[in-house]
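Before any comments, here is the structure.
Bear in mind these aren't lab numbers, they're just calculated from the coordinates by the rules spelled out. Everything numeric in this text was worked out from a predicted model, so none of it was measured. Reconstructed Cβ throughout: ideal geometry from the backbone, glycine too, with neighbour counts over all protein chains shown.
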């Protein structure tokens with residue numbers, strides 16, 4: 001067992017890591033009790049587990065936690081709070097962009113990373129960015145509206 005320090009949501013968090021190949025998702029949910037990232041497919045294909053690492057959207061179910069030492073990790077919980085939601089979270093609320101909510105974490109995290117890189121994307125850029133985030137409820141139209149709203153209201 002080794003000790004691992006991860007910088008999560010602006011705080012250094014120390015965990016005991018048994019297996020260096022343990023996915024970051026498991027550490028976030030099980031050790032750090034952060035439940036924004038969801039376990040979806042476990043194969044890096046659905047996006048439910050997405051977090052932001054050094055400004056880029058990353059699927060935490062396929063990234064070893066040990067590889068994240070020294071990097072800045074942001075989860076849904078690190079974006080905003082119920083009292084002060086992040087602009088993307090506020091736009092998702094305003095546009096009622098969540099139906100069952102399972103994909104919402106990934107949609108918000110991917111959208112936030114996109115808007116950090118490009119504060120005023122075109123609609124097609126948003127569509128392209130979110131194309132690999134799966135949603136079975138079909139809330140894509142409202143998600144798109146929310147991201148475009150967040151870009152406008154920045």
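When peptides 10-21, 67-78 are sorted by average Cβ neighbour count within 10 Å, with the highest value leading, the order is 67-78, 10-21.
Each of residue 127 and residue 93 was given a label point 7 Å from its Cα along the Cα-to-Cβ line. The distance between the two points is 3.0 nm.
With each label modelled as a point 7 angstrom along the Cα→C-beta vector, the residue 45-residue 2 pair spans 3.1 nm. Relative contact order, percent, of the chain when contacts are C-alpha pairs under 8 Å separated by at least 6 residues? In percent, rounded to a whole number, it is 24.
Translational diffusion of the stretch 78-124 was estimated from the Stokes-Einstein equation, with Rh taken as the Kirkwood radius over Cα pairs; at 10 °C and 1.306 mPa s the coefficient is 140 µm²/s. From its DSSP helices (H runs of at least four residues, each -39,500 (n - 2.57)), the chain gives a residue-normalised ellipticity at 222 nm of -9000 deg cm²/dmol. Note on the chain: with a GNM built from Cα contacts shorter than 10 Å, the maximum mean-square fluctuation among 60, 111, 81 falls on 81. Would you please state the base-10 log of I(q)/I(0) at q = 0.27 1/Å for the stretch 2-78, with intensities from the Debye formula using one equal scatterer on every alpha carbon? Evaluating at q = 0.27 Å⁻¹ gives log10 I(q)/I(0) of -1.46.
Relative contact order for the stretch 79-153: 45 percent, from Cα pairs under 8 Å spaced at least 6 residues apart, divided by residue count.
Averaging Cα coordinates gives a centre for the stretch 27-71 and one for the stretch 76-126; these two points are 17 Å apart.
Hey, of (i) 112; (ii) 155; (iii) 100, which did the structure itself give for volume of the Cα convex hull per residue in Å³ when calculated? Calculated volume of the Cα convex hull per residue in Å³: the matching label is (iii). Segment residue 71..residue 117, full-extension length gain: 14.8 nm, with 0.36 nm per residue of separation and the alpha-carbon distance subtracted. In terms of the mean number of neighbouring beta-carbon atoms within 10 Å, the peptides 99-105, 115-121 order highest first as 99-105, 115-121. Of the residues 56, 94, 110, which exhibits the maximal mean-square fluctuation in a Gaussian network model of the chain defined by a 10 Å Cα contact cut-off? Top of the fluctuation ranking is 94.
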